[in-house]
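One structure below.
The values are calculated or read from the model by the stated rules, or taken from the named source; none is laboratory data. Here the structure is a predicted model, which is why all the values come from computation and not from measurement. Here the Cβ positions follow ideal geometry from the backbone for every residue, glycine too, while neighbour counts run over all protein chains shown. Surface areas here come from the heavy atoms of the whole protein model, side chains and all, with no ligands, DNA or RNA. Shrake-Rupley method; radii C 1.70, N 1.55, O 1.52, S 1.80 Å.
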Amino acid sequence: MRVLYLLNVSNSSQLSADSGYTFADMLAPALTDAGAEVTVASPVPVGDTRVHFAPITSPSTKYRARFDPGMDALVTLIRDRRPEVVVANQIEAAPAIRAALLEAGVDALITGYCHYLPFSFTDTGVLELDPAMNDRGLGRSVLLAFAAGLAACDRILVHSSTAASWTTAAAARTGVDLGDKLHIVPAPRDVRLVRDPAGITPPGGRATGIYNHRLYRHYGTARFTQLARRLVADAPVRLTVMDLFGIRSSERIRLDPSPERHLEELATTDGVTIASDRGDRVRYRNLLSGAHFGIAPFRPGCPWSMSVIDCQAMGLPVIGPRTGWLAEHIDNELLFDTDEQAVQITERLATDAKFYLVHAKRAHASTADLTHAVVAARYLEAIK
């Protein structure tokens, strides 16, 4: 099977902060091991030289990625590679890919992977547009472009049951029948970030928590900042907050200055330390090894989180708000609705060794089926 994997890299200067690239860097070699011939079309190649590389230029903004996929380049690429399957990691690009296949005279399946949903649903079934995609009221247009992409795909892959439910509901509301196209294929865990929980030592009375998510406003960073202040004041806890972006371009800051603002606020909070892995996976592992538990993001539309999986694969219990995929995936004893509940959970993790070790083992076990080989097999089965 010849697979053309179209990868939009939104953070080429900070690849460690680009979950889409990390996903491809792990998955493409595993697909190759399983017998597929994979070409990754991207601004940068993945690390395994067995995976073919077709250099392309990613759209310069998140809106260009959705509304200007570059038809001329697509047609040329498809004619050159003659794929049997085209993977669209930007769902909104699928109609343009379909048109490019027609123009190129190539018959190939289009597989869309919903890495990011530009919407979410409340507990009462209300559809909410993602504010990150709603600048100047563009959210509705992005939703419709997403729905058009779903309609153009032959196969649609999502990370979780929550993502499947939301995607199905959004498709129905926009008149798109998904039929049997939808498949749940979680992302692989990073083999470099796997640790046997049998060797983990419980905190012993004082715990360090780590928050390793993007500091955008729409990730609920203000809500996390409120909780962080409460935890360091009322629980035997210190926090490490990851600076995943470093110095961003002026264009990206202009579109959304919230990461810089939140980082500055957190940096002045007593009991909170700002850390960076500087794009080094070994340093990132060491930072996770130095923590005792992780904290999930407060993003309402969270259908999956690579950073949560990173912590759990390292045997770190992750606490999180009872919402979205987090409520589906995280152990019920570690979910909270209020700051008071979060304080109680972290106090117990810090002081109750038995409770801590049980949840360290459960966290690690929750990622056991996310090995590269298992995920690659599920992926290939879904895109047949």
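Here the extension length gained between E128 and D48 equals 24.9 nm, from 0.36 nm per residue of separation less the Cα-Cα distance. Taking all protein chains into account, the per residue accessible area for the chain stands at 41 Å² (1.4 Å probe). The alpha-carbon atoms of region 27-163 define a convex hull whose volume equals 124 cubic angstrom per residue. Hey, if you put +1 on the Cβ of every Lys and Arg and -1 on every Asp and Glu Cβ in the chain, which of I91, V51, A377 ends up farthest toward the positive end of that dipole? Result: V51, furthest along the dipole toward the positive end.
Using alpha carbon centroids, what distance separates region 264-301 and region 115-149, in Å? Their Cα centres are 28 Å away from one another. Given the options L109, S141, T124, identify the residue whose Cα lies farthest towards the positive end of the charge dipole of region 99-144 (+1 on Cβ of Lys, Arg; -1 on Cβ of Asp, Glu). So the residue furthest toward the plus end is S141. Looking only at region 170-213, which residues have a backbone nitrogen under 15 Å from a spot 7 Å from the Cα of E328 in the C-beta direction? Flagged as within label range: 170-171, 182-188. This model, with +1 at the C-beta of Lys and Arg and -1 at the C-beta of Asp and Glu, gives region 289-372 a dipole about its Cα centre of some 180 debye. The dipole here belongs to the chain: it is taken about the Cα centre, uses +1 on the Cβ of Lys and Arg and -1 on the Cβ of Asp and Glu, and is about 320 debye. Applying the criteria of a DSSP loop state and at most 16 other Cβ atoms within 10 Å to the trypsin sites (Lys or Arg not before Pro) of region 16-101 yields R50. Relative to the Cα centre, the charge distribution of region 1-117, modelled as +1 at Lys and Arg Cβ and -1 at Asp and Glu Cβ, gives a dipole magnitude of about 160 debye. Partner lysines whose Cα lies under 20 Å from the Cα of K181, excluding those fewer than 8 positions away in the same chain, are identified as K384.
Among beta bridges identified by DSSP and lying wholly in region 1-144, the antiparallel ones come to about 15 percent.
Considering the dipole of region 1-93 built from charges on the beta carbon (Lys and Arg +1, Asp and Glu -1) around the Cα centre, which of G35, Y63, S16 is farthest to its positive end? The one lying farthest along the dipole's positive direction is Y63.
Annotation for region 183-273: trypsin sites (Lys or Arg not before Pro) lying in DSSP loop with at most 14 further Cβ atoms inside 10 Å of their Cβ are R206. Among the chymotrypsin sites (Phe, Trp or Tyr not before Pro) found in region 120-205, not one is both in a DSSP coil and sparsely packed, with 12 or fewer other Cβ atoms within 10 Å of its Cβ. Full extension of the segment from D337 to A222, taken as 0.36 nm per residue of separation minus the current Cα-Cα distance, would add 39.8 nm. When DSSP beta bridges are restricted to pairs lying wholly in the chain, around 5% turn out antiparallel.
When the label point is put 7 Å from the Cα of D180 along its Cα-to-beta-carbon vector, which residues of region 344-383 have a backbone N closer than 16 Å? Residues 381-383 fall inside that zone. Scaled to the globular estimate 2.2 N^0.38 Å, the Cα spread of the chain, given as radius of gyration, is 0.98. With a Förster radius of 30 Å applied to the beta-carbon distance between S165 and D196, the computed FRET efficiency rounds to 0.35. Across the accessible surface of the chain, with the other protein chains kept in place and a 1.4 Å probe, carbon and sulfur atoms take up 50 percent.
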